[in-house]
1. Being modelled with pLDDT under 90 and assigned to a helix (DSSP H, G or I) is the filter; apply it to region 337-354 and report the residue that is surrounded by the most Cβ atoms within 10 Å (Cβ to Cβ).
2. With Ser116, Ser39 as the choices, which residue is at pLDDT 55 or above, closer than 30 Å to Val156 by Cβ and surrounded by 15 or more Cβ atoms within 10 Å (Cβ to Cβ)?
3. Would it be correct to say that Tyr201 is at pLDDT below 90 and closer than 30 Å to Asn107 by Cα?
4. Limited to region 108-120, what total is found for residues that are touching a residue at least 24 places away in the same chain (Cβ under 8 Å) and within 20 Å of the chain's Cα centre (by Cα)?
5. Exactly one condition in (1) in a loop (DSSP other than H, G, I, E, B); (2) loosely packed, with under 15 Cβ neighbours inside 10 Å is false for Glu363; which is it?
6. Working only within region 153-194, note down all residues that are over 19 Å from the mean Cα position of the chain (by Cα), crowded, with 18+ Cβ neighbours inside 10 Å and at positive phi.
7. I need the full set of residues from region 121-145 which are farther than 17 Å from Leu219 by Cα and touching a residue at least 12 places away in the same chain (Cβ under 8 Å), in order please.
8. Name the residue that is nearest to Leu303 (Cα to Cα), counting only residues in region 355-414 that are in contact with a Phe, Trp or Tyr (Cβ under 8 Å, 6 or more places away or on another chain) and of a type in the set (Phe, Trp, Tyr).
Amino acid sequence: MLQSVRIILLYCAPILLALCIILNDYHNRVLSVEALIASIYQAVLFPSEQEQVNVSSLDEKSPELRELITFLTNTPKPIKSQNVNGQATTSKQMRSTIIKDNSINENLMHIWLSNSMIVLAMTLLPFLLMSLSLATATQLKLTKQQKFEIAKESIVIKFLLGCIIAVAWIYILNPRGRGAGTIESYLISIDLFKSETLPLYLKSNRLEPIIAAFLGWYLHALSYLFTKLIHQDVASSHVYNHLFKKFLFVYGIAIILPPIDLIPEDKVSLVLFLLGFFPLAAYSLMKEQLSKWAGSQRQEGYLTILPGISRWQVLRLEEEGIDTMSDLAAADKAKIIKTIPSLAKIINYWVEIAQLYVIVGHENYMNLKKRCNTSTSFVKQSSEPEFKQFILDNNLGNAEEIAYNLCSNFSIKN
């Protein structure tokens, strides 16, 4: 039990560090909102003070502040407080008294704490799932030392992902920004907005494009990690590099797409959400479109060509750095079986398909696969007269030359 807890803590340490930094910055923002609200109280309730705030300038900042100023303006003015010596309190002392008497700090800390708990849970969730599965895995036959080594991998990438997820969830909880969101939540807490007591993220009727893209990517990451857990595939050291690469792709599109007016403004957030949730389809579609724009007739060797391959298997191979048929043709089959045990029964077949595909090219392979679709099958049939004639009749090249290239490039025995 203690060993499992240590593995989980070591695995999640970079994320906990990221959370400390992000939530501390959020806390400082809440404290600045506290000072602002106290200044409004002081400026409205004690307008004769020398150190008062310009109410008109505060009134221009947000509708929430206007509501608060109107509310306080209609509130009976209290008698100016004095200190124990009978002297008027200073502005700083009065502000401290206002914060205490009106429970400003208590309300704002409750808002910060409730939001922070949600951010903490949503940020830790994917990493806790993976670390818990690693700590309790029995089918993988990993030693204690191997589990600790896996837990220590990808520290920088995990830290960056932790920062990204935490910041994004803070802005999901505060759609109009941390400051405005905190002020509005405070006004709800003092019953100034009695008719609108739902959390801000449930009332928001529009997601910013970048946040929509993040939410799609986050749900994609969760579904991908859940699939890995189902397959007991928790020993990979490349999963977070893979997810970070997908995030950069989605984030880049989210920045570029809205300004170019390619999609109607009211549809941009939906498109970016779907792009984040289906990054593989979006990436393939974009590459295909770019090839058309460039006037290229060359077809890329996408892994989706492989028979029977699923979306998860494509992503899992990409996680190991195998993005194209060329990568798969040159891949170490033993290493793939070791890192992805679920592909043990099919990987030899796919690798042989990729080898033949790389040598003959896309168009020739499409014509050839009905008769022969793997490298070893081609080499075996290359000496048969009927097969040679088939190759010539379909303008696929010279059978013996293709067989020689397969044997020399991929060490296939004739």
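The values are calculated or read from the model by the stated rules, or taken from the named source; none is laboratory data. Nothing here was measured: the structure is a model prediction, and the numbers come from that model. When we count neighbours, we look across all protein chains shown, and the Cβ atoms used for this are built from the backbone with ideal geometry, even at glycine.
1. Applying the first criterion (modelled with pLDDT under 90) to region 337-354 yields 337-345.
Next, only the ones that are assigned to a helix (DSSP H, G or I) stay: 337-339, 341-343.
Details: Ile337: 15, Lys338: 11, Thr339: 17, Pro341: 15, Ser342: 16, Leu343: 19.
Out of the qualifying residues, it is Leu343.
2. On the way: Ser39 fails: closer than 30 Å to Val156 by Cβ.
On inspection, the qualifying residue turns out to be Ser116.
3. Working: at pLDDT below 90: yes; closer than 30 Å to Asn107 by Cα: yes.
Yes, satisfied.
4. Here is the first cut: in region 108-120, the residues touching a residue at least 24 places away in the same chain (Cβ under 8 Å) are 108-112, 115-116, 118-120.
Remaining after also requiring within 20 Å of the chain's Cα centre (by Cα): 115-116, 118-120.
Of the residues in region 108-120, 5 are touching a residue at least 24 places away in the same chain (Cβ under 8 Å) and within 20 Å of the chain's Cα centre (by Cα).
5. With (1) in a loop (DSSP other than H, G, I, E, B); (2) loosely packed, with under 15 Cβ neighbours inside 10 Å applied to Glu363, the lone miss is (1).
6. The answer is none; no residue qualifies.
7. Initial filter on region 121-145 (farther than 17 Å from Leu219 by Cα): 131-145.
Within region 121-145, Ser131, Leu132, Ser133, Leu134, Ala135, Thr136, Ala137, Gln139, Leu140, Leu142, Lys144 meet the criteria.
8. It comes out as Tyr357.
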